[in-house]
Amino acid sequence: MTKQAKPSFEEIIIKLEPEQRFFYQRESDGDIVLVDEINIFAYAKQITLIGTHFAVDYEDKTIKKSEDRSFMNFETNLLGEYSEGEG
């Protein structure tokens, strides 16, 4: 009999070090976000990327830091499960 893991309702917060941070381009407006925090809601199957928002004007080739922080919410979608050694 296998023991079932109890679902966790706690939020997992990962603060990224400067060398771990990455840029994410927003689909809604093409602006970019320097992601410095990742929040994982395992029970709800959601991930939130949080970071500094930069408005991008692609025509004038300018980037302006915004006062607002950006929050991009994603819903996870299981594509498959496997273990090492499985073919």
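The values are calculated or read from the model by the stated rules, or taken from the named source; none is laboratory data. What you are looking at is a predicted structure, and each value in this text was computed from that prediction instead of being measured. FYI the Cβ positions are ideal-geometry reconstructions off the backbone, even for glycines, and counts take in every protein chain you see. SASA here: full protein model, heavy atoms, side chains in, ligands and nucleic acids out. Shrake-Rupley method; radii C 1.70, N 1.55, O 1.52, S 1.80 Å.
When 52, 48 are checked against the criterion of being open to solvent by less than 50 Å² (accessible area, probe 1.4 Å), without any contact (Cβ under 8 Å) to a residue 24 or more places away in the chain and part of a strand (DSSP E or B), a single residue qualifies: 52. Taking the residues in region 26-38 that are in contact with a Leu (Cβ under 8 Å, 6 or more places away or on another chain) and open to solvent by less than 20 Å² (accessible area, probe 1.4 Å) as candidates, determine which candidate is nearest to residue 76 (Cα to Cα). Here the answer is 35. In the set (1) over 20 Å from residue 77 (Cα atoms); (2) in a strand (DSSP E or B), the condition left unmet by residue 59 is number (2). Please verify whether region 36-43 includes one or more residues that are touching a residue at least 12 places away in the same chain (Cβ under 8 Å), touching a His at 6+ places or on another chain (Cβ under 8 Å) and either in a strand (DSSP E or B) or under 19 Å from residue 22 (Cβ atoms) (or both). Checking region 36-43: not a single residue is touching a residue at least 12 places away in the same chain (Cβ under 8 Å), touching a His at 6+ places or on another chain (Cβ under 8 Å) and either in a strand (DSSP E or B) or under 19 Å from residue 22 (Cβ atoms) (or both). Against the conditions (1) open to solvent by less than 70 Å² (accessible area, probe 1.4 Å); (2) modelled with pLDDT of 90 or more, residue 76 satisfies every one except (2).
Working only within region 55-73, note down all residues that are open to solvent by less than 80 Å² (accessible area, probe 1.4 Å) and among the aliphatic types (A, V, I, L, M). Those that are open to solvent by less than 80 Å² (accessible area, probe 1.4 Å) and among the aliphatic types (A, V, I, L, M): 55, 56, 72.
Looking only at region 62-87, how many residues end up being more than 30 Å from residue 10 (Cβ to Cβ), in a loop (DSSP other than H, G, I, E, B) and of a type in the set (Asp, Glu)?
Qualifying residue count, region 62-87: 1.
Flag not set for residue 23, criterion: open to solvent by 100 Å² or more (accessible area, probe 1.4 Å), in contact with a Phe, Trp or Tyr (Cβ under 6 Å, 6 or more places away or on another chain) and not charged (D, E, K, R).
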